[in-house]
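Take a look at the structure below.
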Amino acid sequence: MARGGAGDPDDGVELLWQEGDGEPRPGLSLGRIVRAAVELADADGLEGLSMRKVAERLGFTTMSLYRHVPGRDHLLDLMRDAVIGLPGTIPSEGAGSGPAGGAGGWRARLEACAREGWELRKRHPWVAEVRGSRRVPGPNAVAHYEYMLSAVSGTGLTPAETIAVVGLVARFVDSEAVRLAEVARTERLSGVSEEEWWGARDTLYARLDRYPTLSYLWEAGGYDEPEDPFEFGLRRVLDGIEVLVQERDETRDESCRTCGAPIERAASGRPRAYCSRACQQRAYRKRTSG
């Protein structure tokens, strides 16, 4: 296996989903490695993270780290799942509570998830840089995903729409966090703040008066007190989801998916999809029989 490369994804699953280190003991452990790596990334960003630097921080040789984790890529997955599992990251009412019983309904729960994710990325900007379509999720990431799905499930959205809604919110948070990480990285490397750098671009601003709309918005004060991009974007995303939920609620088919018989709407909890247990079992057997 190549040192520091992507490695075998199944090895990543085993690392992420194994039980804890057990009883604390002296010496090197996977937990100590991950904690040291998180501290390094928090201080210096991902560009300052390497297996060698983690080993030096812990007072061990680099090769000793490879006995616990195959390489940097697997370490990043472990780091990400570790910070997602820190207290306050997953809302406390738990993944099992249905949306109808959750405080404030689906919107409040989904918004809380987005804000927790945003605060996490502000504390650990490097999380937004751990990207890729084939990163193996750990138990904390899956628990967070489950909670977000449960917040929307039962609203009348189709299963595919439920998954798409959660993906939309998650990608919005990630996209805002990527810019946050880029700003932090550039300021760290240059020693110049974002405000100072743009404030010194007079040669650019002198050329913008030929653009009437831009000039009007500038002169009207549109750039003096800009909207907070996260707050503005999150409201607009949730507003759009709410329109879809309302549409589905108005047109919800309240008939049994198996026999077509009418279903009495439940007073609380998730809406029923079948008129009886027998119809539910018939649908299950049909799905599993292929």
Could you give each residue of region 69-80 its phi-based ³J(HN,Hα) in whole Hz, using Karplus coefficients 6.51, -1.76, 1.60 with θ = phi - 60°, and x for Gly or Pro?
9, x, x, 4, 5, 5, 4, 4, 5, 5, 4, 4
What percent of all Cα-Cα pairs in region 88-252 falls in each 10 Å bin, counting up from 0?
9, 30, 28, 19, 12, 2
Over region 88-252, what relative contact order in percent results from Cα pairs under 8 Å that are six or more residues apart?
29 percent
Computed from the mean reciprocal separation of all distinct C-alpha pairs, what Kirkwood hydrodynamic radius does region 26-91 have, in Å?
12.0 Å
Ranked list, fewest to most other Cβ atoms within 10 Å of each Cβ, for 153, 29, 190
190, 29, 153
Apply the Karplus curve 6.51 cos²θ - 1.76 cosθ + 1.60, θ = phi - 60°, to the phi angles in region 176-187 and return the couplings in whole Hz, x for Gly and Pro.
5, 5, 4, 5, 4, 5, 5, 4, 4, 5, 5, 5
Sequence-distant or interchain residues sharing an amide H contact under 5 Å with residue 86, placed H: which?
none
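Read-outs: derived from the displayed coordinates by stated rules, not from any lab. None of the values given here were measured: they were computed from a predicted structure. Neighbour counts run over all protein chains shown; Cβ positions are idealised from the backbone, glycine included.
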